[in-house]
Structures are given as C-alpha cells and as structure tokens.
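A.B. asks: Provided herewith is a single structure, encoded as structure tokens, for subsequent inquiry.
The values are calculated or read from the model by the stated rules, or taken from the named source; none is laboratory data. The structure presented is a predicted model; accordingly, all values stated were derived computationally and were not measured. Cβ sites come from the backbone with ideal geometry, for glycine too, and all protein chains shown count toward neighbours.
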Amino acid sequence: MTLSGAISIKSATKVYDPDGARVLALDNCSMEIGPGEFSVVVGPSGCGKTTLLNAIAGFHALTGGEIFLDGQLLSSQEKPARPGADRIVVFQNGALFPWLTILENITFGPLAQKKLDPAAAKARALELLETMGLAGIALDYPGQVSSGMRRRAEIARAMINSPKVLLLDEPFRALDALTKTVAHQFLLEVYDRTRPTVFFITHDLDEAIFLASKVYIMTTRPATVKLVLDINLPRPRDFRLLASRDYQRLREKCREAVRTEALKAFSAGEREM
Ligand SMILES: Nc1ncnc2c1ncn2[C@@H]1O[C@H](COP(=O)(O)OP(=O)(O)O)[C@@H](O)[C@H]1O
Ligand SMILES: [Mg+2]
C-alpha cells in the first residue's frame, strides 16, 4: 500500500486570456490532499474544477501559486506543467480504442511503454478486470459492451499503470443511476485495494459523499474552496450507508453549501444578461 501521493495546492491561480478576453478561472485556491485520500470536488458548472484538475495533471501551467506532489514542484507560473506517469486522468468522454479488445486496451499502455512484459501485463489486466467486475468481457470490443462497463474498463486501464494519483473528471456523468451505483462499487473496490490518491470531480452530491474521504465544495467562478467536509463514514462502503443518519446529515450540509453557491451563480448570470 502506497503512502505517497500527497498533493499540495498553494494559492493556485489561473487566468485564461484568449484574444484579450480575460477569464479568471482559479483564484488563490488551496488544498492539502493527503496520500491515499479520496478527494471529491463539487462546484457549480464553469467554476474552474476542470481547470484545477488539468493543472494537477500537468496539461497547463498556473498563472500564480504552486502545486506540489510529494513535495516536488509540479506546476507554478515559472515552471511549465508536464504530464507524468504518476498522475493519470480518466476523462468524462472516455477514449478506449475501438479496434482493440477490452483486455488489449488495458495492456496497451504498459506494453507500449515496455513497463511490463506481455505475460505480466495480461495477468495484471485480468486481475484488474476481475476487481472491476469485467472478467466476462475481456475479449469483447468496446462497442460490444455497455457504457457503464466501458467506464469501468477505462478505470482499469488507468490503474494498470499504478499511478500515485488518479484524476477523474465527471467520469460517470452520462450513466443512469443504477449503472452509476455499480460503477461506484467497483471503483471503491479497486481504490480499497491499492489506495491511490484520488481527485474526483462531480455534480452529484450522493456520489460525492458515498465515495469521498473529503468533499471540497468550490465557490462560483473564480473557484476557490468554500467548504471542506470530512466524510468519516466507515470503509468498505456499502449502499446501505445511504439510509444512515450520519449520511443524511452530511448530505444536508453539502446540499446547503452547494445551494448557496448555485444561487450566487444564478444571480450573477442574471446580472450579466
Ligand atoms: N481554454 C480556455 N480558454 C478560455 N477560457 C476557458 C478555457 N477553459 C475554460 N475556460 C473558462 O474557465 C472557466 C472555468 O472552466 P472549467 O474549469 O472548465 O469549469 P468547470 O470544470 O468547473 O465546469 C469557465 O468560465 C470556462 O469558460
Ligand atoms: Mg469541468
């Protein structure tokens, strides 16, 4: 079990400036995410969540502030960010190769990078597929399986690289409620086994609380942390948790904070119109 993967975000600021139309997306945003923490970020649409995830992933540099991973500077104004194998992103609209089987999709990365030999890659992939409840579709092509299975396969594809940090940007957004519940169960299964640090973005409060060790509620744009909620619910998590009083209490707190920000975003939008 890894004890690395601490992410320290210090006053992260990001300004986009396409054609002089200045957009402040992150403003002095700070977070201390512990190694192996399952952090879930919730906030109004357009507040800057993806901007923050992209900065951690190394897809773009910050305009101000710093991001560290285990004490190493990942990104600042001076240091152009760089993606690294220690951080892997699972996007909202996944991208499995349609011409490869699910198994081949999962072994593709480590084989292309010569990190594992074919036998080891296959063994590891089959183990992950088993954990994600996908053993039966290893030899199917992505087009032959359900969207929920494809999403889980993408997580397996990320996890075969044993990243320190798993970054997920609304990965289950397009799934129906029931399929989502199944995806949560398998994601937690793989998380409990290896405990990577997780940075997970969602709009869904039930999803946030069910998965998280900590929920970070963001302000409307520019994003900064409005409230951090410790989710001290026991693991392994079980769907029966949703009926518990502790869960309901946390959900109500979360809902109130998000509601206040959503109202602010709404009235700001009205003023602009
Ligand atoms: N590449 C870009 N250029 C200019 N503006 C951008 C760019 N990416 C995002 N934005 C703007 O930055 C703000 C935050 O975007 P984003 O981080 O995608 O929000 P979220 O993920 O919370 O919905 C939005 O107003 C968005 O329009
Ligand atoms: Mg986004």
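A.B. asks: So which of Leu233, Leu227, Leu242, Leu250 is part of a strand (DSSP E or B) and of a type in the set (A, V, I, L, M)?
C.D. replies: Sole residue among the options that is part of a strand (DSSP E or B) and of a type in the set (A, V, I, L, M): Leu227.
A.B. asks: Which is under 21 Å from Glu78 (Cα atoms), away from ligand 2 (no atom under 16 Å from the Cβ) and in contact with a Pro (Cβ under 9 Å, 6 or more places away or on another chain), of Gly58, Gly36?
C.D. replies: Gly58
A.B. asks: Sticking with this structure for a sec: Of all the residues that make up the stretch 18-59, how many are farther than 20 Å from Asp230 by Cβ, out of contact with any Ser or Thr (no Cβ under 7 Å at 6 or more places or on another chain) and more than 8 Å from ligand 1 (Cβ to nearest atom)?
C.D. replies: 7
A.B. asks: Then there is this: Quick check on Arg249: is it in the same structural domain as Leu187 (by TED's automatic domain parsing) and surrounded by fewer than 11 Cβ atoms within 10 Å (Cβ to Cβ)?
C.D. replies: So Arg249 passes the test.
A.B. asks: May I pose another question? Return only the number of the condition from (1) among the hydrophobic types (A, V, I, L, M, F, W, C); (2) within 30 Å of Leu205 (Cβ to Cβ); (3) part of a helix (DSSP H, G or I); (4) more than 15 Å from the chain's Cα centre (by Cα) that Leu175 does not satisfy.
C.D. replies: Result: Leu175 passes all but (3).
A.B. asks: Something else now. Given the structure, is Arg251 in contact (Cβ under 8 Å) with a residue 40 or more places away in the chain and out of contact with any His (no Cβ under 8 Å at 6 or more places or on another chain)?
C.D. replies: So Arg251 passes the test.
Residues are listed down the side, and each one gets a yes or a no for (1) within 16 Å of ligand 2 (Cβ to nearest atom); (2) under 19 Å from the mean Cα position of the chain (by Cα); (3) more than 21 Å from Glu127 (Cα to Cα); (4) surrounded by fewer than 19 Cβ atoms within 10 Å (Cβ to Cβ):
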{"position": "Glu189", "(1), (2), (3), (4)": "no, yes, no, yes"}
{"position": "Thr194", "(1), (2), (3), (4)": "no, yes, no, yes"}
{"position": "Val198", "(1), (2), (3), (4)": "no, yes, no, no"}
{"position": "Ile201", "(1), (2), (3), (4)": "yes, yes, yes, no"}
{"position": "Asp206", "(1), (2), (3), (4)": "no, yes, yes, yes"}
{"position": "Leu211", "(1), (2), (3), (4)": "no, yes, yes, no"}
{"position": "Ile217", "(1), (2), (3), (4)": "yes, yes, yes, no"}
{"position": "Pro234", "(1), (2), (3), (4)": "no, no, yes, yes"}
{"position": "Arg237", "(1), (2), (3), (4)": "no, yes, yes, no"}
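A.B. asks: While we're here: So which residues in the stretch 52-71 are crowded, with 19+ Cβ neighbours inside 10 Å and touching a residue at least 60 places away in the same chain (Cβ under 8 Å), if there are any at all?
C.D. replies: Those that are crowded, with 19+ Cβ neighbours inside 10 Å and touching a residue at least 60 places away in the same chain (Cβ under 8 Å): Leu52, Leu53, Ile56, Ala57, Ile67, Leu69.
A.B. asks: A further question follows. Taking the stretch 14-49 as the region of interest, how many residues are hydroxyl-bearing (Ser, Thr, Tyr) and surrounded by 15 or more Cβ atoms within 10 Å (Cβ to Cβ)?
C.D. replies: 1
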